[in-house]
1. For segment 51-71, which positions are modelled with pLDDT of 85 or more and either surrounded by 12 or more Cβ atoms within 10 Å (Cβ to Cβ) or under 26 Å from Gly81 (Cβ atoms) (or both)?
2. Where the second residue is among the hydrophobic types (A, V, I, L, M, F, W, C) and at pLDDT 90 or above and the first is under 18 Å from Ala91 (Cα atoms) and assigned to a loop (DSSP other than H, G, I, E, B) and lies in segment 30-51, which pairs have Cβ atoms under 6 Å and are six or more apart or on separate chains?
3. Keeping to segment 86-115, report how many residues are under 15 Å from Leu62 (Cβ atoms) and either out of contact with any strand residue (DSSP E or B) (no Cβ under 7 Å at 6 or more places or on another chain) or not basic (Lys, Arg) (or both).
4. Can you tell me which residue among Leu85, Leu18, Leu13 is at pLDDT 90 or above and not polar (S, T, N, Q)?
5. Suppose we filter segment 77-92 for residues that are within 13 Å of Glu49 (Cβ to Cβ) and surrounded by 14 or more Cβ atoms within 10 Å (Cβ to Cβ); how many remain?
6. Restricting segment 75-87 to residues that are of a type in the set (A, V, I, L, M, F, W, C) and in contact (Cβ under 8 Å) with a residue 40 or more places away in the chain, which is nearest to Gly45 (Cα to Cα)?
7. Within segment 88-109, does at least one residue satisfy the condition of being part of a loop (DSSP other than H, G, I, E, B), touching a residue at least 40 places away in the same chain (Cβ under 8 Å) and either at positive phi or of a type in the set (Gly, Ala, Ser) (or both)?
Amino acid sequence: MEAMLPKNIQAGLDAARLDSMRKSSHLHVEADGAQHKVLRFWDTGFSLESATAPQLRGRVDLYDGAAHLCQCLIVAVAQEGDEMLFDFKRATRVAKTAALDFERARDAPAGLIGTDAPH
């Protein structure tokens, strides 16, 4: 059996839930120079607040605080209540180091010491 709440109480509960999600998340997406707080995140997508999120589509950057996590190609899927849901078409993790253009041997030395080093 489903309990029916008055509209003002339901609206207050929904606002409190949205505020709680907004405060608990460190993730945000950046698109066209604007930042949008991520409310929920899962393996195949994320959600933003529908009132403040534009109809994002295309490439966005996903951050955890200041750490750049990945570049994503996204598409808006649906709106559920106060949330706009987005799915990843592609999510490429950002590398911490530059890509190598050769294969590094497992037993390769970490560095070389020159002959003119002080003794």
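1. Residues satisfying the conditions are Gly58, Arg59, Val60, Asp61, Leu62, Tyr63, Asp64, His68, Leu69, Cys70, Gln71.
2. Thr44/Phe88
3. Qualifying residue count, segment 86-115: 7.
4. Numbers: Leu18 fails: at pLDDT 90 or above; Leu13 fails: at pLDDT 90 or above.
Just a single option satisfies the conditions, and that option is Leu85.
5. Summing the residues that are within 13 Å of Glu49 (Cβ to Cβ) and surrounded by 14 or more Cβ atoms within 10 Å (Cβ to Cβ) in segment 77-92 gives 5.
6. Phe86
7. No, that holds for no residue.
The values are calculated or read from the model by the stated rules, or taken from the named source; none is laboratory data. None of these values were measured; they are calculated from a predicted model. Here the Cβ is made from the backbone with ideal geometry for all residues, glycine too, and neighbour counts use every protein chain on show.
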